Amino acid sequence: MTRTIKRIAVVAGDGIGPEVIREAVRVLGRVRETHDVRLELTHFDWGADKFLSEGVTLPEGALEMLSRDFDAILAGAFGDPRVPSNKHAEDILLGMRRGLDLYINLRPVRLLDERLTPLRNRRREDIDFVVFRENTEGAYCGAGGFLKKGTDDEIATQEELNTRRGVERIITASFEYARDQGRRRVTMADKSNVQRFGGDLWQRVFKEVAARYTDIEANHQYVDAMAMFMVQDPAQYDVIVSNNLFGDILTDLGAALQGGLGLAASGNIHPGRVSLFEPVHGSAPPLAGKNVANPVGAILTAAMMLEYLGYAEAGRAVEQAVQSAIQSGETTRDLGGTLSTEEAGASVSQRIAK
């Protein structure tokens, strides 16, 4: 039976985005040959250049088009010093996250080689967990404002929004993932001892959802304690779930444990709908155009996208190729190697076998 072609929107974005996405696309081309992956890629020029030349961030009707015509979005990075307000990045990236209701930010934290972690005497199996970060609410909802701005009496408010629906669906997703993937524990991180209202909602909902998954151990840690425990004993974690702000901080710490942001992949997901996959390292303007950026985060992001699209075997093959390249020392300089962005991408691609 002929497999359905999956349509991918590719938005390389700014800075090192085009360079690392080019290598991710190279890998996707390779798995087309080795694993009968059927993809159709369409490239869009959304980013700082378009905004500066045309005043356009996310074009009118783009969200409807993405929802209607595509199965996934592969994005690079957004942010350019020529746009100090970062308006284009916020409109494009947050616009897709919120406009497409991509409420799950899924961040794997997995050590691929023991040499990469800054922690002493840690094995690969000691650092292997995932973080479910709520992606559409919380402190990043954009609510707040200024009073008497620019005066000595200025007041700035930044509000956090938590809805019952939003909290329950991200917690439920974390337990579903744990069950599906054979993970034994879900740990919820909050600061409910200080943030009494939003924290109370998260606490109540977590207990209610956990009661429906008696086969999964459920526990809770305050987020500041978790930041300490992630360094002291990362092996205790299987699945972590938290709000938008705390999830953002914890996942960057997790990236450091696995070897740096250059390795960090993520998915912005609404199950069953078009979802957005992006490396999390940012646009890194000082590195742009120098062919030195690490493409592994983008390549592992493509592997996550393959799994989401139903090509789990191809996704695993990409991950194994990345691991093999790293263990052989065929990496960019940030991981101790000597390869360029293009050479590192080619090394991974060549390791993907039929």
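Measuring from centroid to centroid over Cα atoms, what is the spacing of segment 75-95 and segment 308-335 in Å?
28
Could you give the size of the charge dipole of segment 126-258 about its Cα centre, using +1 on the Cβ of each K and R and -1 on the Cβ of each D and E, expressed in debye and rounded to the nearest 20?
Values: 15 positive and 22 negative charges, 91 e Å.
Dipole magnitude for segment 126-258 comes out near 440 debye.
Can you run phi through the Karplus equation (6.51, -1.76, 1.60; θ = phi - 60°) for segment 290-300 and list ³J(HN,Hα) in whole Hz, with x for Gly and Pro?
Computed from phi, the couplings for segment 290-300 are 9, 6, 10, 5, 6, x, 5, x, 5, 5, 5 Hz.
So how far, in whole Å, is the C-alpha centre of segment 197-247 from the one of segment 118-143?
Comparing the Cα centres of segment 197-247 and segment 118-143, I get a distance of 11 Å.
Please list, by residue number, everything in segment 154-168 whose backbone N is under 17 Å from a paramagnetic label point 7 Å out along Cα→Cβ of PHE197.
156-167
Which far-off residues, 5 or more places away or on another chain, put their amide H under 5 Å from the one on HIS220, with H placed in the peptide plane?
Amide H neighbours of HIS220, under 5 Å, 5+ apart: MET188.
Mind checking which lysines have their Cα closer than 29 Å to the Cα of LYS87? Skip sequence neighbours fewer than 8 apart in that chain.
Here the lysines satisfying the reach criterion relative to LYS87 are LYS50, LYS148, LYS149, LYS290.
Could you give each residue of segment 191-204 its phi-based ³J(HN,Hα) in whole Hz, using Karplus coefficients 6.51, -1.76, 1.60 with θ = phi - 60°, and x for Gly or Pro?
Karplus values, whole Hz, x for Gly and Pro: 9, 5, 6, 10, 8, 6, 8, x, x, 4, 4, 4, 4, 5.
Please sort 283-293, 88-98 by packing, taking for each peptide the average over its residues of neighbouring beta carbons within 10 angstrom, highest first.
88-98, 283-293
Taking every pair of distinct Cα atoms and averaging 1/r, then inverting, what Kirkwood hydrodynamic radius in Å comes out for segment 82-169?
This gives a value of 16.7 Å.
Under 10 Å, Cα contacts only: if you run a Gaussian network model on the chain, which one of GLY61, GLY282, GLY79 comes out with the highest mean-square fluctuation?
Among GLY61, GLY282, GLY79, the largest mean-square fluctuation in the Gaussian network model of the chain belongs to GLY61.
Show the residues, 5+ positions off or on another chain, whose built amide H is closer than 5 Å to the amide H of VAL10.
Result for VAL10 returns THR42, HIS43, PHE44, LEU74.
If you plug each phi of segment 39-54 into the Karplus form 6.51 cos²θ - 1.76 cosθ + 1.60 with θ = phi - 60°, what whole-Hz ³J(HN,Hα) values come out, in order, with x for Gly and Pro?
Karplus values, whole Hz, x for Gly and Pro: 10, 10, 9, 10, 9, 10, 9, 5, x, 5, 4, 5, 5, 6, 8, 10.
Amide H to amide H under 5 Å from VAL109: which residues, 5+ apart in sequence or cross-chain, H placed 1.01 Å off N in plane?
Excluding prolines and chain starts, which carry no amide H, the hits are PHE129, VAL130, VAL131.
Over the chain, what per residue volume does the convex hull of the Cα atoms give, in whole Å³? Intermediate results must be reported in sequence, preceding the final value.
Working: hull volume 55.9 nm³, N = 354.
Per-residue hull volume (Cα only) is 158 Å³.
From the convex hull of the Cα coordinates of segment 230-321, what is the mean projected area in square nanometres?
7.6
Show log10 I(q)/I(0) for segment 136-190 at q = 0.18 Å⁻¹, two decimals, from a solvent-free Debye sum over equal Cα scatterers.
Here the Debye-derived log intensity ratios amount to -0.72.
Compute a Gaussian network model of the chain, connecting alpha carbons closer than 10 Å, and tell me which residue from PHE44, PHE129, PHE146 fluctuates the most.
With Cα springs under 10 Å in the chain, the top fluctuation among PHE44, PHE129, PHE146 is at PHE146.
Please list log₁₀ I(q)/I(0) at q = 0.09, 0.12, 0.15 Å⁻¹ for segment 126-258, using the Debye equation with identical point scatterers on the alpha-carbon positions.
Each listed q maps to, in turn, -0.29, -0.48, -0.71.
Residues of segment 62-106 with amide nitrogen under 20 Å from the 7 Å Cα-to-Cβ point of PHE146?
83-91, by backbone N distance to the label point.
Tell me which lysines have Cα within less than 27 Å of LYS207's Cα, excluding those fewer than 8 residues away on the same chain?
List returned: LYS191.
How compact and how long is segment 14-149, expressed as Rg and Dmax of its alpha-carbon atoms in Å?
My reading of the Cα-based Rg and Dmax gives 18.7, 62 Å.
Highest first, please rank the peptides 330-336, 185-191, 232-238, 19-25 by the mean number of other Cβ atoms sitting within 10 Å of their residues.
Numbers: 330-336: 19.0, 185-191: 22.3, 232-238: 16.0, 19-25: 24.9.
Result, highest mean first: 19-25, 185-191, 330-336, 232-238.
Looking only at ALA12, ALA317, ALA156, which one moves most when the chain is put into a Gaussian network model with springs between Cα atoms under 10 Å?
With Cα springs under 10 Å in the chain, the top fluctuation among ALA12, ALA317, ALA156 is at ALA156.
Bear in mind these aren't lab numbers, they're just calculated from the coordinates by the rules spelled out. Here the structure is a predicted model, which means the values were calculated and not measured. Don't worry about glycine lacking a Cβ; one is built from the backbone with ideal geometry, like all the others, and counts go over all protein chains shown.
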